[in-house]
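**Student:** Below: one structure in structure tokens.
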Amino acid sequence: MDRRAPVGIRFEAVTKLYGAVAALDCVSLEVAPGEFLTLLGPSGSGKTTLLMVLAGFTRPTSGRIVVGGEDVTRTPPHRRDFGVVFQSYALFPHMTVAQNVAYPLRMRGRPRAEMARRVAEALALVRLEGFGDRRPDQLSGGQKQRVALARAIVFEPRVLLMDEPLSALDKKLREAMQIEIRQLHERLGITTIYVTHDQREALTLSDRVAVIDGGRIRQLDPPRLLYEEPRSRFVAEFVGESTILPVERRNGALFCAGRPLRTTRPLPPGEPLHLVLRPERVRLATSPPAEPVNTLAGTLEDLVFQGESLLAEIRLEAGELLAVRLPTGAELSDSIRRGGTVWAWFAPEDAVLVSETG
């Protein structure tokens with residue numbers, strides 16, 4: 001397919017009110033040309049509203065949206081030249097696959113020969129060569145989603161928008177489609193905004209992830225930074241597995257579960273403080289490890305085989321439950337058994353501290 005130069009997107013203090021409720025609360029955000037940005041958040045967080053405002057299906061109460069230097073805040077959806085992929089596929093059941101994919105071109109009055117060429121190219125990109133004569137009811141869920149994707153890119157849109165496009169697929173197919181979408185984006189370079197509530201999906205696909213809650217962006221970072229350096233308790237709990245433990249300050253020192261806490265990271269602003277422990281960063285021992293690691297003592301309540309990993313649950317002396325994830329092949333001492341006393345330890349650089357609001 002021919003390629004357009006990618007465009008940037010800028011949201012300027014975008015607000016959307018429904019009565020007294022702010023679905024979007026003064027959102028400002030810049031998306032780089034060609035970037036894959038995911039809007040991640042729980043149901044009702046405002047992520048889909050932000051996508052619908054960008055698409056033109058919802059008009060903001062205030063603020064501006066600029067795409068490629070052009071103010072599109074009041075531009076009708078059909079004139080924004082955006083490709084959109086919905087969760088429901090939205091395919092025409094009476095049309096063939098080729099006719100569905102050609103529909104945006106036909107609406108734009110493209111010549112028949114050009115339509116045939118572009119449809120063939122789009123179907124090849126989504127690995128559906130030879131499916132042009134089939135109807136949607138003859139396709140699997142993954143194939144329908146590929147057709148919807150081909151239809152969204154066939155006219156070379158300025159921007160590609162995707163609203164929970166994989167949520168109706170089973171886990172294995174969803175994970176395969178994530179890789180396909182990522183590879184397709186790398187080939188085409190279209191500026192892409194993707195909405196999901198699945199944090200693993202967001203981390204897999206994105207150049208950056210915007211975590212949204214209460215109509216506001218709580219953190220905007222590349223996936224690895226988002227996972228390793230959450231800025232608030234909400235982000236730490238929402239993105240990936242974690243145990244959140246309260247932290248006390250005593251005479252300038254930090255304590256967690258009654259034990260001294262060392263960290264190499266700067267302390268965040270705000271109170272109260274919490275320790276974020278990713279389960280794969282914690283190890284187990286039957287006696288207190290030597291300094292300078294952090295240690296927490298407790299009772300091993302459960303040890304569960306989960307295929308690629310073992311999940312250990314430790315009830316700490318202070319009463320909190322700590323999750324520890326170990327490789328399936330990890331060598332564990334015979335004395336590590338349910339009901340026994342164990343020591344969880346982790347390095348100071350793995351002690352991530354957050355405040356309640358960031």
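Rule-based calculations on the coordinates, nothing more; no lab input. As the structure is a prediction and not an experimental result, all values here were calculated from the model. Note: ideal-geometry Cβ built from the backbone for every residue, glycine included; neighbour counts use all protein chains shown.
**Student:** Only Lys, Arg, Asp and Glu count, each charged at its Cβ (+1, +1, -1, -1), so figure out the dipole size of the chain about its Cα centre, rounded to 20 debye.
**Tutor:** Details: 47 positive and 44 negative charges, 290 e Å.
So the magnitude is around 1400 debye.
**Student:** What is the gain in length, in nm to one decimal, between LEU173 and ARG338 on full extension, counting 0.36 nm per residue of separation less the C-alpha to C-alpha distance?
**Tutor:** 55.8 nm
**Student:** For a quick check: sort HIS197, HIS78 by the number of other beta carbons within 10 angstrom, fewest at the front.
**Tutor:** HIS78, HIS197
**Student:** Name the GluC sites (Glu not before Pro) in region 1-65 that are in a loop by DSSP and that have at most 13 other C-beta atoms within 10 Å, would you? Could you put the intermediate results ahead of the total?
**Tutor:** Numbers: sites: GLU12, GLU30, GLU35; in loops: GLU35.
Here no GluC sites (Glu not before Pro) fit, given the DSSP loop and packing criteria.
**Student:** So how strong a dipole does region 233-355 carry about its Cα centre when Lys and Arg Cβ are +1 and Asp and Glu Cβ are -1, to the nearest 20 debye?
**Tutor:** Details: 13 positive and 16 negative charges, 63 e Å.
In total the dipole reaches around 300 debye.
**Student:** Charges on Cβ only, +1 for Lys and Arg, -1 for Asp and Glu, centred on the Cα centroid of region 1-57; of VAL21, PRO33, THR49, which one is farthest towards the dipole's positive end?
**Tutor:** THR49
**Student:** Please arrange SER140, SER43, SER62 by counting, for each residue, the other beta carbons lying within 10 Å of its beta carbon, fewest first.
**Tutor:** SER43, SER140, SER62
**Student:** Given Cα pairs under 8 Å that are at least 6 residues apart, what percent is the relative contact order of the chain?
**Tutor:** 17 percent
**Student:** Give the relative contact order (percent, whole number) for region 100-185; include only Cα pairs under 8 Å separated by 6+ residues.
**Tutor:** 35 percent
**Student:** So what is the relative contact order of region 1-150, in percent, for Cα pairs below 8 Å that sit 6 or more residues apart? Numbers along the way, then the final one.
**Tutor:** Numbers: 190 pairs, mean separation 30.4, N = 150.
Reported relative contact order: 20 percent.
**Student:** With axes computed from alpha carbons, what is the tilt in degrees of helix 141-153 against the longest principal axis of the chain, rounded to the nearest 10 within 0 to 90?
**Tutor:** Result, in degrees: 60.
**Student:** Let me ask you something else. Can you tally the net charge around ASP25? Count Lys and Arg as +1, Asp and Glu as -1, for every other residue whose Cβ sits under 10 Å from the Cβ of ASP25.
**Tutor:** Every neighbour counted, the sum reads +2.
**Student:** Okay, moving on. Counting Lys and Arg as +1 and Asp and Glu as -1, what is the net charge of the other residues whose Cβ lies under 9 Å from the Cβ of ILE9?
**Tutor:** -1
**Student:** Could you give each residue of region 62-77 its phi-based ³J(HN,Hα) in whole Hz, using Karplus coefficients 6.51, -1.76, 1.60 with θ = phi - 60°, and x for Gly or Pro?
**Tutor:** Ordered by residue, 3J(HN,Hα) equals 7, x, 10, 10, 10, 10, x, x, 10, 6, 10, 3, 10, 6, x, x Hz.
**Student:** Please give the calculated 222 nm ellipticity per residue for the chain, where each DSSP H segment of at least 4 residues contributes -39500 (n - 2.57) and the sum is spread over every residue; nearest 500 deg cm²/dmol?
**Tutor:** Calculated from helices alone, the mean residue ellipticity at 222 nm is -7000 deg cm²/dmol.
**Student:** Could you run the Karplus curve 6.51 cos²θ - 1.76 cosθ + 1.60 with θ = phi - 60° over region 292-303 and give me ³J(HN,Hα) per residue in whole Hz, x for Gly and Pro?
**Tutor:** Computed from phi, the couplings for region 292-303 are x, 7, 7, 10, 9, 9, x, 10, 6, 7, 7, 9 Hz.
**Student:** Moving on to the next point. In which sequence would CYS256, CYS26 go, from the one with the fewest C-beta neighbours within 10 Å to the one with the most?
**Tutor:** The most exposed by this proxy come first: CYS26, CYS256.
**Student:** Can you list the aspartates and glutamates whose alpha carbon sits under 17 Å from that of LYS171, skipping same-chain ones fewer than 8 residues off?
**Tutor:** The reachable aspartates and glutamates, counting only those whose Cα sits under 17 Å from LYS171, are GLU180, ASP198, GLU201, GLU308.
**Student:** Counting Lys +1, Arg +1, Asp -1, Glu -1, what net charge surrounds SER167 among other residues with beta carbon under 12 Å of its beta carbon?
**Tutor:** My count for the surroundings of SER167 gives -3.
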